[in-house]
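The values are calculated or read from the model by the stated rules, or taken from the named source; none is laboratory data. Note that this is a predicted model, so its numbers are computed, not measured. Because the Cβ atoms are built from the backbone with ideal geometry, glycine has one as well, and the counts that use them run over all protein chains shown.
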Amino acid sequence: MKLAYLINQYPMPSQTFIRREIRALEVLGCTVTRFAHQPWPDTLVDESDKLEQQQTRYLKSGGWIALAAALLKAIILRPAAVGKAIKLSHRLTQRSDRSVGYHLAYLAQACVLRDCLVASGADHLHIHFATNSTEVGMLAHVLGGPGYSITVHGPEEFDRAACLSLDEKIARAEFVVAVSSFGCSQLMRWCGAEQWPKLKVVHCNVDDSYLEQPPKPLQQNETIVCVGRLCEQKGQLLLIEALGVLVRQGMEIRLRLVGDGPMRPECEAAILRNQLRDHVTITGWATGEEVRNEILQARALVLTSFAEGLPVVLMEALALERPVISTYIAGIPELVEPGENGWLVPAGSVDAIVTALNELMTTPLARLREMGAAGRAKVSEQHNTRTEARKLLALFQKCGAPIPPRQV
């Protein structure tokens, strides 16, 4: 089966699960052509991401002249289809929080994408994230490209569902994937009940190496690790504040923040304010192997997020038999079971984080190992790469013959 994938920026460090998904489909015999609007602007540190970048075609690589030429070509060769696409684009613009210029650019990119999809012989287009990429894929379908499906992660798609025209995107898709049951429920909120049968749950997954090789046994140590982009929704500032409370109480504890992002200056300021320079380290972006090693060297992984889909790094930590601390939000309680494989705290509560960290640091090593083993068993059952790829492939195969564009 010939598939095409479309992502806004690809590859990037926080999207290794997409890379694994694509490669698992290729192992199952699919041909997958990668498309993205543009490359990630920062430096890639993982060799696998660098290789993936070489295999990705970028819709904006030719600049505005190439986009304008593609739109003009479409107007000349397929005027009726372009008219339908313009009508749809206008309706999307009216509901959007972005200007008409953005949506005109999406239409031009859709013209480029449509031609690339036809040239590649793609049977189906799959899109990660129901944001601008899905608008482009939807318009490309109206212009004569193949049908499309979407994996919706959240939280952005749910926070901005109305202005993203999520209902329209669901209605025109052949099927829509959520990464958790919670995510599926949010999709149900934004579409009619007649669309619910096309909503499916396919979990994100961990790299095979996390489950195929025996993990390094947890040893006694005072280090916790938090892996993720330094940004508002991840809640690292509260974790730093909680650590400050424990250090002032005399606890021996260290935190490694693995990642980078727009809130690094605020995190650094919080570290200084709480006099934690000897207790907190920000590593910057790390390769997949470096992330794995950071988790293995930690007592537990902590993720105090305010908004999420279902973080892959929680799966990775549990697969490595490390217990986790996270928040009662989104799909996380579907993976993290309090008292079984970790702790869950109310999002936004420093006091709750302090309590959970105190319990973590005082729990006997033998019990932590039992919790880690329970976590590994759950990840093996629910987040296996090959199992989830087979689910996705079955959905692609059920799409069958190309579905004609829905009436605008």
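Which is farther than 23 Å from PRO214 by Cβ, not small (Gly, Ala, Ser) and not in a loop (DSSP other than H, G, I, E, B), of LEU344, LEU318, LEU310?
LEU344
Hey, GLU252 hits all of (1) under 20 Å from VAL350 (Cβ atoms); (2) surrounded by 15 or more Cβ atoms within 10 Å (Cβ to Cβ); (3) touching an Asp or Glu at 6+ places or on another chain (Cβ under 7 Å) but one; which does it fall short on?
Result: GLU252 passes all but (2).
Going by what's in this entry, would VAL354 be described as modelled with pLDDT under 95, assigned by TED's automatic domain parsing to the domain that holds PRO215 and assigned to a helix (DSSP H, G or I)?
Taking the combined requirement at face value, the residue does not satisfy it.
Could you say whether any residue in region 324-331 is under 23 Å from LEU211 (Cβ atoms), of a type outside the set (Lys, Arg), at pLDDT 95 or above and touching a Cys at 6+ places or on another chain (Cβ under 7 Å)?
No, region 324-331 has no match at all.
Does GLU290 meet the test of being outside any loop (DSSP other than H, G, I, E, B) and closer than 23 Å to ILE18 by Cβ?
yes
Among (1) touching a Gly at 6+ places or on another chain (Cβ under 6 Å); (2) among the aliphatic types (A, V, I, L, M); (3) closer than 27 Å to PRO364 by Cβ, where does LEU230 come up short?
(3)
Within region 307-342, can you find the residues that are of a type outside the set (A, V, I, L, M, F, W, C), farther than 19 Å from THR385 by Cα and surrounded by fewer than 24 Cβ atoms within 10 Å (Cβ to Cβ)?
TYR328, PRO333, GLU337, PRO338, GLY339, GLU340 - these are the residues of region 307-342 that are of a type outside the set (A, V, I, L, M, F, W, C), farther than 19 Å from THR385 by Cα and surrounded by fewer than 24 Cβ atoms within 10 Å (Cβ to Cβ).
For region 297-314, enumerate the residues that are within 13 Å of the chain's Cα centre (by Cα) and closer than 25 Å to LYS216 by Cα.
LEU310, PRO311, VAL312, VAL313, LEU314
Within region 75-96, can one find any residue that is more than 30 Å from THR287 (Cβ to Cβ), within 24 Å of the chain's Cα centre (by Cα), in the same structural domain as ASP159 (by TED's automatic domain parsing) and among the polar types (S, T, N, Q)?
Looking for residues that are more than 30 Å from THR287 (Cβ to Cβ), within 24 Å of the chain's Cα centre (by Cα), in the same structural domain as ASP159 (by TED's automatic domain parsing) and among the polar types (S, T, N, Q), one finds at least one in region 75-96, hence yes.
Condition test on VAL227, is it over 26 Å from ALA394 (Cβ atoms) and crowded, with 22+ Cβ neighbours inside 10 Å?
So VAL227 passes the test.
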